[in-house]
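A short write-up of the structure that comes next.
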Amino acid sequence: MTRSDLILLAKKIAVGILVTLLPALILFWGLHLTQTLLKPSPPNTQVNHP
């Protein structure tokens, strides 16, 4: 294998990793955002000052 073959192989591996990780990151970030938006807000507590 020549040097150019190894560089091409490394580029293909890097692109494969990005193509795999990018949708997974978008999915997990979207689920986290959805969970954050749908989480019930804490009850408002009224403080009575004398």
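The values are calculated or read from the model by the stated rules, or taken from the named source; none is laboratory data. The structure presented is a predicted model; accordingly, all values stated were derived computationally and were not measured. Every residue, glycine as well, gets a Cβ built from its backbone with ideal geometry; the counts of neighbours run over all protein chains shown. In case anyone asks, the SASA skips ligands and DNA or RNA and just uses the protein heavy atoms, side chains included. Shrake-Rupley method; radii C 1.70, N 1.55, O 1.52, S 1.80 Å.
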Need pairs with beta-carbon distance below 9 Å; first residue surrounded by fewer than 10 Cβ atoms within 10 Å (Cβ to Cβ) and within segment 1-22, second part of a helix (DSSP H, G or I); sequence gap 6+ or separate chains. M1/L9
Flagged in segment 23-50 as among the polar types (S, T, N, Q) and open to solvent by 90 Å² or more (accessible area, probe 1.4 Å), in numbering order, are Q35, S41, N44, T45, Q46, N48
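Report whether or not T36 is part of a helix (DSSP H, G or I) and modelled with pLDDT under 95.
On the way: part of a helix (DSSP H, G or I): yes; modelled with pLDDT under 95: yes.
Yes, satisfied.
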